[in-house]
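The values are calculated or read from the model by the stated rules, or taken from the named source; none is laboratory data. Please read these numbers as outputs of a predicted model, since none were measured by experiment. Please note: Cβ atoms are built from the backbone with ideal geometry, for glycine as well, and neighbour counts cover all protein chains shown. The accessibility values were calculated without ligands, DNA or RNA, using every heavy atom of the protein model including side chains. Shrake-Rupley method; radii C 1.70, N 1.55, O 1.52, S 1.80 Å.
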Amino acid sequence: FQGKFLSRGPHCGVLDPRFPEVRSYLEELCEHFVREWNLDGLKLDFLDNIQLPDPDPAESDGAGRDYRSLPDAIEALLCGILTRLRRIKPDLLIEFRQKYIGPAMRAYGNIFRASDCAMDLLENRVRILDLRLLSGGTAVHSDMLPETGAAGRFAGKEKRPKIMPSDKSAENIAE
């Protein structure tokens, strides 16, 4: 894939999906994972972190590139992945994370995850509710909440964290 990276580090790189052979390779890789390990789903993550560097590395050597727009190429990649995978398993779960979820993502994913908010009850609830409002009939989930004991206390803590520290009535409820 020489000349087909958006960025490279010492041990990794971000392939440029504007090249058809890159999309084909990534589609084949996802298909291999589902077939080889009989997966029920894939989490397609960090799509929002794919950025076009300045200067664009393909501008000087963009031969073979069939998309100029990175967002259009990512959409083509998602369509290609889903077409291949749904032929294998029509009910395969495709998960996306909240940071880049909107109603249009429902065309590609069938389970959405609220962005990271571990150990924060209020933030977890707000993100789940926000995501639920945007997601229509799409399944929604979030970070796990800490385990509680029989008394409703969080494991390893003297008392439950306050849900809304600035609200005195909520403080009384949480204790």
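Arrange the residues Arg113, Arg86, Arg127, Arg35 by how much accessible surface each exposes, largest first, with a 1.4 angstrom probe.
The ordering from most to least exposed comes out as Arg35, Arg86, Arg127, Arg113.
Compute the distance in nm between two label points, each set 7 Å from the Cα along the Cα-to-Cβ direction, one at Ile88 and one at Leu52.
It is 3.1 nm.
Expressed in nm², what is the orientationally averaged projection area of the convex hull enclosing the Cα positions of region 15-111?
The orientation-averaged projected area of the Cα hull of region 15-111 comes to 6.4 nm².
Between Glu31 and Asp130, what length comes free when the chain is fully extended (0.36 nm per residue of separation minus the Cα-Cα distance, one decimal in nm)?
32.4 nm is the gain from fully extending Glu31 to Asp130.
Given labels modelled 7 Å from the Cα in the Cβ direction, how far is it in nm from Ala104 to Val14?
1.8
Among 13-20, 38-45, how do they line up from the highest to the lowest mean number of other beta-carbon atoms within 10 Å?
13-20, 38-45
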